[in-house]
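In what follows, a structure is listed as structure tokens, so that the remarks can point back to it.
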Amino acid sequence: NIRHEKTSDSLISFEMNKDINNIVKTVDIYDMETSVKAYGATPDGSNDPINLIGYSWTDPTGQFVLDQYGFLHDTIAVQKYSRLLSNSNPNPTQSDWNRVKTFDSKSQAELLQAALADLKKYNHPNETYDIDLVNSPYVPLNQTVHIADENQQLFLSAKVLSIQRSRANHSVKLT
């Protein structure tokens, strides 16, 4: 899967109104979470899987909080992505995007680390940029390219996930 492969920098840069016709940003919240209820393996002689209820842990940064019900919360992400976010409530602390996930962890300590890594990975929407290029040099898949749109203050370094070339339209579209 190209999304998970390591990338290398192509040192190629594209600029809006020079190399780029258009940039379309897509935001996907399908996998997003701001809190996770984690379950681990089921110990021998038990009917219930390991969970984080009763586990004592404090994040030194204060960003992540483990509550009494075994939910691990991201206090910063919930302020940005809460369903209660509005002009009258600009910094909500409730209404997480909860997920229930199962891991292979055999202890609460392992389970906490797995849940923490998962929450850090999915605590924000997945953003994809489709770039319509005027002309482009050959860029292989899985290479990092640099994109600049100074008018929009958009400066990206991104991995090329797909390339669509049209000889008829003389266009190249990178995702």
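Table for the structure above
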| read-out | value |
| --- | --- |
| Dipole of the chain, positive end: most advanced residue of THR34, ASN135, TYR69 [Cβ charges, Cα centre] | ASN135 |
| Rounded to 10°, Cα long-axis angle of helix 108-122 versus longest principal axis of the chain | 30 degrees |
| Within the chain, longest stretch clear of exposed chymotrypsin sites (Phe, Trp or Tyr not before Pro) (DSSP loop, no more than 11 other Cβ within 10 Å) | 70-137 |
| Estimated FRET transfer efficiency (ALA117, SER88; beta-carbon r; R0 30 Å; 0.05) | 0.30 |
| Net length gained if the chain between ALA41 and ASP59 were fully extended (0.36 nm per residue, minus Cα distance) | 4.1 nm |
| The stretch 100-175: trypsin sites (Lys or Arg not before Pro) falling in loop per DSSP and having at most 10 other Cβ within 10 Å | ARG167 |
| Fully extended contour minus Cα-Cα distance, from VAL24 to GLN79, at 0.36 nm per residue | 17.2 nm |
| Three principal axis lengths of the stretch 1-87 [C-alpha, angstrom, descending] | 64, 40, 27 |
| Cβ-based net charge around LEU174, under 13 Å, with every Lys or Arg adding one and every Asp or Glu removing one | 0 |
| Ratio of the Cα radius of gyration of the chain to 2.2 N^0.38 Å, where N counts its residues | 1.35 |
| Heavy-atom accessible area order for MET16, MET32, largest first, 1.4 Å probe | MET16, MET32 |
| Whole-Å distance, taken between Cα centres, linking the stretch 124-174 and the stretch 39-94 | 36 Å |
| Computed FRET value (nearest 0.05) for ALA109 with ASN169, which takes r as the C-beta separation and R₀ as 41 Å | 0.15 |
| HN-Hα J in Hz across the stretch 149-166 - Karplus 6.51, -1.76, 1.60, θ = phi - 60°, x for Gly and Pro | 10, 5, 4, 9, 6, 10, 10, 10, 10, 9, 7, 7, 9, 8, 10, 10, 10, 10 |
| Under 5 Å, built H, 5+ apart or other chain: amide partners of ILE12 | HIS146 |
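The values are calculated or read from the model by the stated rules, or taken from the named source; none is laboratory data. Bear in mind that the values here come from a model prediction, so they are computed numbers and not experimental data. Cβ atoms come from the backbone with ideal geometry, glycine included; neighbour counts cover every protein chain shown. What goes into the accessible areas is simple: the full protein's heavy atoms, side chains included, and nothing from ligands, DNA or RNA. Shrake-Rupley method; radii C 1.70, N 1.55, O 1.52, S 1.80 Å.
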